[in-house]
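Quick notes on the structure that follows.
The values are calculated or read from the model by the stated rules, or taken from the named source; none is laboratory data. No experiment lies behind these values; they were computed from the predicted model shown. A quick note on method: Cβ atoms are made from the backbone with ideal geometry, for glycine too, and the neighbour counts reach across all protein chains shown. Calculation scope for accessible area: heavy atoms of the full protein, side chains included, ligands and nucleic acids excluded. Shrake-Rupley method; radii C 1.70, N 1.55, O 1.52, S 1.80 Å.
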Amino acid sequence: MSDNDTQHARRGHGGRQSDYTSRSRRTTGRPSRRRFLQAAAATGMAAGFVGLGASQEADEENRFELGGESSRWVGQAPDEIEGEDNPTLVLEEGETYEVVWENLDGIGHNFVIIDDEGDQLVSTDIVTGEGETQAVEFEADEEMAEYYCEPHPQTMRGDVTFDEPDEPDEEAEAEPYFPEGPTVGVNPVAEGLIAPTDFDDPEGSDYQYVADQTGEIWRIDEDGVDLEGDPFLDISDRMVAVGEEFAGGYADPDGDYDERGLLGVEFHPDYEENGRFVVNYSAPPDDETPDGWSHVQVIAEFEATDDESADPDSERRILEFQHPQYNHDSGPMAFGPDGYLYVPMGDGGGGNDSDYGHVEDWYDENEGGNGQDTTENLLGGVHRIDIDNEGENGEPYAIPEDNPFAEGEELEGEGLEEYYAWGLRNPYGITFSGDDRLIVADAGQVLYEAAYEIEKGGNYGWNVREGSHCFSTETPATPPEECPLETPDDVRGGEPLIDPVVEYPQVHEGQGVGIVIIGGHTYEDDTIEDLEGQYIFGDWTRDQGRQQPDGRVFAATPEDPADPDERDEFGGRPREDLWEMEEVRFAGSDDGDLHHFVRQFGRGADGEVYVLANRIGVPQGDTGVVFELVAEDEGVEIEPLEDDEEPEDEDDAPDDEDEHPGEVDEDPENDEDE
């Protein structure tokens with residue numbers, strides 16, 4: 001997704017309200033330690049699995065029956081585990097057991113058993129059909145420690161034991177990860193969009209502008225957006241077909257979810273004089289695209305003839321990224337206070353930064369990848385270019401003379417000169433704060449979501465680390481306890497792997513927190529006093545099944561935290577060393593929730609913040625909306641979806657879910673990730 005990065009007072013948006021209501025699974029690892037199970041052919045029936053080396057068939061008393069849904073495993077039989085969430089499986093060494101489980105929610109799950117070190121001892125294929133069952137037979141081995149589902153390893157996870165378990169203590173109610181913060185209202189300034197991806201409010205224009213994933217940029221005025229009229233710009237005819245005809249083959253070709261499309265729009269600081277603006281969009285493969293790769297991610301400049309329309313023939317391509325996968329395309333860009341264009345770009349997509357289209361790097365413990373490489377391609381970093389001048393060889397941009405790898409700089413020759421920072425997975429959201437902090441959100445893979453304060457020449461750790469925590473391409477759901485905090489001396493002279501300033505787990509104490517971070521902006525307006533100076537960001541949805549529009553909005557206090565003296569579990573940065581974070585609540589909702597997927601954020605000319613959202617996680621329909629954050633007594637009501645309105649068969653998780661350990665292709669921060 002993009003940033004996964006409007007004048008309300010001077011245009012009257014602040015007082016306007018409306019009646020807005022709800023309208024090749026692939027496992028890497030140590031084969032000598034892992035005993036994978038082979039699937040028996042079965043058509044229209046349960047998929048049966050027979051464990052290698054099993055000496056006898058499991059009898060009735062050695063059978064466990066489970067139900068699988070994204071939030072938990074549910075015990076069904078024997079009686080001892082009936083009704084339990086993530087029940088403990090009690091085994092006896094050398095006995096043969098059978099686990100039979102039913103898919104309860106139609107979301108892709110599988111069954112895995114691991115040892116204490118996270119190595120897989122049993123692993124099955126993904127089952128996606130609701131009501132479908134799968135049986136797996138195995139011989140109990142005392143190395144077995146836990147079982148889980150690879151796409152949902154935090155919520156669908158239970159213990160394996162060879163002793164009778166202790167009686168469980170009465171569980172205290174889980175504390176939410178984010179404390180409750182200020183309550184605000186929302187006012188829709190644009191409705192009826194499909195899947196809004198970016199927003200800008202250029203100085204000197206009579207309009208605000210919103211990009212839709214399907215290729216249109218629309219004008220917003222005091223009456224909202226006129227979808228019956230002509231868009232400001234329509235480039236759908238030069239893009240890939242969004243939501244269909246995947247060129248890569250990594251995603252389900254029948255799925256509607258797509259991270260490609262029109263993903264970013266940024267108007268030039270001197271737009272009032274020169275009419276120039278920049279977009280980020282996904283073009284079809286060209287003559288330079290390797291066979292089987294997905295698309296070309298294009299950064300292009302256009303010129304507007306006036307506030308009403310742009311000239312589609314004025315396109316000037318600035319940067320082109322050959323993209324192996326359909327995802328991790330990043331999104332919004334930003335002009336910095338120095339006048340240069342900052343362009344985030346994802347690592348190329350796929351899981352672990354190690355699928356096709358990824359290169360080798362210095363860290364031998366992990367496969368990949370583009371995030372840690374700075375010489376082979378421009379994937380996995382933030383780039384800074386000067387689009388007001390040509391390059392020495394006629395390129396459509398010049399390299400700022402103090403870029404880290406520029407001629408004459410200390411790291412000259414150590415990387416491609418466009419790089420400003422690297423070590424990112426899918427930087428989805430970029431902003432400059434009022435005090436010139438450069439903040440970029442980066443969608444995680446399976447455990448953690450993060451945002452960073454970006455500095456020139458900074459390395460942000462992917463895929464050595466996921467956020468501040470150690471990461472393993474072999475066992476993404478069970479990270480190692482230790483990993484490097486810096487590169488070796490022979491890699492760009494040795495550089496620290498910089499920790500995030502914002503970080504949160506996808507699941508906390510068994511409760512979903514979010515699945516893909518959506519980067520936002522600092523609130524520079526004075527309308528909502530409790531948000532002044534806060535970094536406003538969010539998450540696509542807290543629903544681990546990725547079906548429900550349960551997006552969230554958060555606020556963090558920018559500060560200059562000290563480096564941690566000690567590390568938490570998996571080498572992570574202690575929470576007290578992060579920015580202070582809380583959840584923003586919504587007055588127009590009975591339960592305080594937004595009841596939308598959060599797709600992106602925008603900031604207006606007066607420093608106000610907007611939330612770009614829709615009701616479904618795919619580029620379809622007309623539920624897309626741009627909400628302005630307003631005082632809690634000035635917003636509209638937010639209705640949850642009725643049962644008969646709930647979306648069906650959506651592949652709606654941005655960017656993350658297709659990249660869980662095991663390369664699950666069921667549906668995609670993200671993430672987001674979009």
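Between GLU637, GLU608, which is surrounded by 24 or more Cβ atoms within 10 Å (Cβ to Cβ), modelled with pLDDT of 90 or more and more than 28 Å from VAL127 (Cα to Cα)? So that I can check it myself, show each step before the final result.
On the way: GLU637 fails: surrounded by 24 or more Cβ atoms within 10 Å (Cβ to Cβ).
Going through GLU637, GLU608 in turn, the sole match is GLU608.
A count restricted to the stretch 468-483 and to residues that are closer than 24 Å to VAL598 by Cβ and open to solvent by 10 Å² or more (accessible area, probe 1.4 Å) stands at 1. Checking each residue in the stretch 122-148 for being farther than 24 Å from GLU61 by Cα and of a type in the set (A, V, I, L, M) picks out ILE126, VAL127.
Taking PRO332 as the residue in question, decide whether it is part of a loop (DSSP other than H, G, I, E, B) and open to solvent by 10 Å² or more (accessible area, probe 1.4 Å). Don't jump to the end; show me each part of the working.
Details: part of a loop (DSSP other than H, G, I, E, B): yes; open to solvent by 10 Å² or more (accessible area, probe 1.4 Å): no.
Judged against the criteria, PRO332 is not a match.
The lone criterion from (1) within 22 Å of ILE220 (Cβ to Cβ); (2) at pLDDT below 95 left unmet by VAL618 is number (1). A count restricted to the stretch 105-158 and to residues that are more than 23 Å from VAL507 (Cβ to Cβ) and open to solvent by 10 Å² or more (accessible area, probe 1.4 Å) stands at 11.
Taking the criterion of being within 26 Å of LEU447 (Cβ to Cβ), of a type in the set (Phe, Trp, Tyr) and under 25 Å from the mean Cα position of the chain (by Cα), would at least one residue in the stretch 103-122 satisfy it?
Yes: the stretch 103-122 contains one or more residues that are within 26 Å of LEU447 (Cβ to Cβ), of a type in the set (Phe, Trp, Tyr) and under 25 Å from the mean Cα position of the chain (by Cα).
Listed conditions (1) open to solvent by less than 40 Å² (accessible area, probe 1.4 Å); (2) part of a strand (DSSP E or B) are all met by ASP353, apart from (2).
Within the stretch 254-288, count every residue that is of a type in the set (Asp, Glu) and in a strand (DSSP E or B).
Summing the residues that are of a type in the set (Asp, Glu) and in a strand (DSSP E or B) in the stretch 254-288 gives 1.
In the set VAL189, VAL225, VAL242, which member is within 30 Å of VAL626 (Cα to Cα), β-branched (Val, Ile, Thr) and modelled with pLDDT under 95? Explain how you work it out, then say what you get.
Values: VAL189 fails: modelled with pLDDT under 95; VAL225 fails: modelled with pLDDT under 95.
Just one listed residue meets the conditions, VAL242.
Checking each residue in the stretch 198-245 for being open to solvent by less than 10 Å² (accessible area, probe 1.4 Å), among the polar types (S, T, N, Q) and under 17 Å from VAL279 (Cα atoms) picks out GLN208, GLN213. Exactly one residue among ARG567, ARG603, ARG575, ARG585 is touching a His at 6+ places or on another chain (Cβ under 6 Å), over 30 Å from LEU104 (Cβ atoms) and open to solvent by 20 Å² or more (accessible area, probe 1.4 Å), and that residue is ARG603.
Restricting attention to the stretch 289-305, the residues being under 25 Å from the mean Cα position of the chain (by Cα), of a type in the set (A, V, I, L, M, F, W, C) and either in a strand (DSSP E or B) or under 18 Å from ASP270 (Cα atoms) (or both) number 4. Within the stretch 424-445, being of a type in the set (Phe, Trp, Tyr), crowded, with 24+ Cβ neighbours inside 10 Å and more than 12 Å from the chain's Cα centre (by Cα) holds for no residue. Which of the numbered conditions does GLU582 fail, given that it passes all the others? Conditions: (1) among the charged types (D, E, K, R); (2) in a loop (DSSP other than H, G, I, E, B); (3) over 25 Å from LEU424 (Cβ atoms). Just one mismatch for GLU582, condition (2). Filtered by the rule that a residue be assigned to a strand (DSSP E or B), open to solvent by 10 Å² or more (accessible area, probe 1.4 Å) and either at pLDDT below 95 or among the small types (Gly, Ala, Ser) (or both), the stretch 487-531 gives VAL507, HIS508, GLN511, GLY512.
For (1) among the hydrophobic types (A, V, I, L, M, F, W, C); (2) surrounded by fewer than 23 Cβ atoms within 10 Å (Cβ to Cβ), each residue gets a yes or a no:
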position: ASP307; (1), (2): no, yes
position: ALA310; (1), (2): yes, no
position: GLN325; (1), (2): no, no
position: GLY348; (1), (2): no, no
position: HIS358; (1), (2): no, no
position: ASP364; (1), (2): no, yes
position: GLY368; (1), (2): no, no
position: GLY371; (1), (2): no, no
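The set of residues in the stretch 551-570 being modelled with pLDDT under 95 and not charged (D, E, K, R) consists of PRO561, ALA562, PRO564, PHE570. Taking the stretch 330-346 as the range and being aromatic (Phe, Trp, Tyr) and farther than 14 Å from GLY429 by Cα as the test, only TYR340 passes. Restricted to the stretch 455-486, and to residues there that are part of a loop (DSSP other than H, G, I, E, B) and of a type in the set (S, T, N, Q), the residue that is nearest to PRO505 (Cα to Cα) is SER468. Summed over the stretch 209-238, residues that are in a loop (DSSP other than H, G, I, E, B) and out of contact with any helix residue (DSSP H, G or I) (no Cβ under 8 Å at 6 or more places or on another chain) total 11. As for the stretch 178-187, it holds no residue that is open to solvent by less than 20 Å² (accessible area, probe 1.4 Å), aromatic (Phe, Trp, Tyr) and not in a loop (DSSP other than H, G, I, E, B).
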